[in-house]
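What follows is a set of notes on a single structure, which appears directly below.
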Amino acid sequence: MSIGGGSYLFGGTSDSAFMGDLWTFDFAKARTDHGKPSATNWKFQGGSRTGNSNGTTTWPASRQYATSWTDSQGGLWLWSGFGSRKANDTDGGYLDDLWRYDVDQKRWSRERSVGTHGGPIPSGKTWSNAWTTPEGDLFVFSGFDADTKIHNDMWRFRSSSRTWALVYNYS
């Protein structure tokens with residue numbers, strides 16, 4: 001996720017552990033280093049460096065294959081993925097939580113989301129395709145769920161109202 005002259009990286013895996021750390025890459029510094037990426041271009045922002053963290057009320061659980069995007073207010077969003085559901089969870093599971101990182105405050109908040117008009121919300125997925133519109137809506141297409149079933153559906157998330165809407169479902 002790129003915003004404000006930098007790029008943000010959350011989670012992943014390392015040595016069979018799900019990671020829950022957040023890092024930024026400073027593009028301006030990389031330019032002064034003649035474009036050579038180095039460890040000094042990366043800055044640790046917080047989270048678990050040891051892996052397999054189930055998160056807290058103020059930090060997302062460790063995960064991989066999450067969907068992420070930025071909004072027009074300078075926020076970074078994180079949804080779903082596969083990762084730690086409890087402390088030291090090395091097997092992992094599908095997550096369906098939604099988080100927003102405020103870049104200025106350097107703080108995560110877990111976001112409550114609902115279906116439009118009380119309708120459904122998407123189940124946790126991995127390997128989804130996602131894109132945003134100029135208005136800030138997120139569209140999520142396809143992905144694998146907990147039954148390793150491939151979905152052929154599309155969802156829209158409106159960050160302004162925190163609502164999900166099923167656009168279509170060909171599953």
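The values are calculated or read from the model by the stated rules, or taken from the named source; none is laboratory data. On a predicted model such as this, the values are computed, not experimentally measured, just so you know. Glycine gets a Cβ as well: all are built from the backbone with ideal geometry, and neighbour counts include every protein chain shown. Note: areas computed on protein heavy atoms with side chains; ligands, DNA, RNA excluded. Shrake-Rupley method; radii C 1.70, N 1.55, O 1.52, S 1.80 Å.
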Checklist entry - Taking a spot 7 Å from the Cα of Ser161 along the direction of its beta carbon, which residues of segment 129-143 have an amide N less than 20 Å from it? => result 131-141
Checklist entry - Ignoring ligands, DNA and RNA, how do Ser109, Ser159 rank by accessible area with a 1.4 Å probe, largest first? => result Ser109, Ser159
Checklist entry - When Cα Rg over 2.2 N^0.38 Å is calculated directly from the model, which label among (i) 1.06; (ii) 1.15; (iii) 0.98 fits? => result (i)
Item to check | Arg162 accessible area, assembled protein chains, probe 1.4 Å, Å² | outcome: 70 Å²
Checklist entry - Picking from Thr148, Thr40, Thr13, which is most flexible by a Gaussian network model of the chain using Cα springs under 10 Å? => result Thr40
Checklist entry - Percent of accessible area on the chain owned by carbon and sulfur, 1.4 Å probe? => result 49 percent
Checklist entry - For Leu98, which sequence-distant residues (separation of 5 or more, or a different chain) have an amide H within less than 5 Å of its own amide H, given hydrogens modelled in the peptide plane? => result Glu111
Item to check | Surface accessible to a 1.4 Å probe, per residue, for the residues of the chain, Å² | outcome: 55 Å²
Checklist outcome for this item: Taking every DSSP bridge whose two residues both lie in the chain, the antiparallel percent to the nearest 5 is 95 percent
Checklist entry - Met19's amide H: which non-local residues (gap 5+, or another chain) put their own amide H closer than 5 Å, with H modeled 1.01 Å from N in plane and none for Pro or chain starts? => result Gly12, Thr13, Ser14, Asn52, Arg63
Item to check | the chain, helix-only ellipticity at 222 nm - DSSP H runs n ≥ 4, -39,500 (n - 2.57), divided by all residues, nearest 500 | outcome: -1000 deg cm²/dmol
Item to check | Phi-based couplings in Hz for segment 70-85 (Karplus 6.51, -1.76, 1.60; Gly and Pro marked x) | outcome: 10, 10, 6, 9, x, x, 9, 10, 9, 9, 6, x, 10, x, 6, 9
Next on the checklist: Just to verify a number: FRET efficiency for Tyr168 and Phe25, C-beta to C-beta distance, R0 = 30 Å, to 0.05?
Outcome noted: 0.25
Checklist outcome for this item: If every Lys and Arg gets +1 and every Asp and Glu gets -1 at its Cβ, then about the Cα centre segment 34-118 yields a dipole, in debye to the nearest 20, of 280 debye
Item to check | Selected from Pro134, Pro120, Pro60 as most flexible by GNM, with the chain as the system and alpha-carbon contacts under 10 Å | outcome: Pro134
